[in-house]
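Working notes, structure below.
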Amino acid sequence: GGVGILVKSKLNAKQLAAKHFSSFEHTVVKIALVNKKILFLISVYRLQFVATAIFIDEFTELLDLYAVSNENFIIAGDVNIHVETESLYAKQFKELIDLYDLKQHIDKPTDVKGHTLDVVITPNKETYLQDFNITELDLSHHFLIDFNVIGVPNTQQMKTITYRSLKNVDMIKFN
């Protein structure tokens with residue numbers, strides 16, 4: 001369990017305070033893009049000991065916050081639902097994604113048992129993700145999901161500022 005987002009230091013990014021949910025952990029990072037656009041990165045991990053029905057309700061609240069904001073976002077993480085099946089909760093999850101006109105980009109197994117537990121979700125109209133690779137590693141029972149984000153970040157420019165210490169100025173000579 002646990003969530004995290006690593007961001008290159010040259011990007012103009014800020015971790016946001018996020019509403020607490022009982023059924024999943026999440027973190028939100030706001031990245032500034034050129035032309036005053038924003039990309040929200042949202043990492044989620046559903047807690048298995050909390051009922052899936054509660055997760056569906058709370059995940060709906062999360063979608064209410066971001067899917068209707070007209071901002072670009074990526075929700076990625078482990079929802080611990082076999083989304084490739086036709087189980088009750090898998091159907092409810094997929095219906096929720098459809099209801100908000102979102103796209104779940106992962107359509108292959110993401111764990112060693114052949115299930116799709118992990119998701120990468122964006123607004124359906126957006127096409128800023130490409131080059132998906134799902135790779136089995138010996139680090140976890142989950143696979144690595146790797147992809148590229150198309151977008152021009154608003155990078156932080158390093159600026160050098162030089163000044164003199166007023167303590168070192170001879171005020172008599174200066175006058």
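Values quoted throughout were computed directly from the atomic coordinates according to the rules given, and no laboratory measurement underlies them. All figures in this text were calculated on a predicted structure; none of them were measured in a lab. Counting neighbours? That spans all protein chains shown, and the Cβs are built from the backbone with ideal geometry, glycine included.
Using Cα springs under 10 Å in a Gaussian network model of the chain, which residue among V50, V119, V29 shows the largest mean-square fluctuation? Top of the fluctuation ranking is V50.
Length gained on full extension, S9 to L99: 28.8 nm, using 0.36 nm per residue less the C-alpha separation.
Computed from Cα positions, the angle between helix 52-66 and the longest principal axis of the chain comes to roughly 40 degrees. Within the stretch 75-101, what residues put their amide N at less than 15 Å from the label point 7 Å along the Cα-to-Cβ vector of A51? Within reach of a label on A51, which here means backbone N under 15 Å from a point 7 Å along Cα→Cβ, the stretch 75-101 contributes 89.
Only aspartates and glutamates eight or more places from K36 in sequence, or on another chain, were considered; those with a Cα closer than 16 Å are E71.
Rounded to two decimals, the Cα radius of gyration of the chain over 2.2 N^0.38 Å is 1.37. Taking 24 Å as the limit for the C-alpha separation, the pairs K91/K125; K8/K103; K8/K113; K14/K108; K10/K103; K10/K167 exceed it in the case of K8/K103; K8/K113; K14/K108; K10/K103; K10/K167. Rg of the Cα atoms in the stretch 1-49, relative to 2.2 N^0.38 Å, amounts to 1.30.
Helix 88-99 and the longest principal axis of the C-alpha atoms of the chain enclose an angle of approximately 50°.
With both partners inside the stretch 1-79, how many of the DSSP beta bridges are antiparallel, as a percent to the nearest 5? Among the beta bridges of the stretch 1-79, antiparallel pairing accounts for roughly 65 percent.
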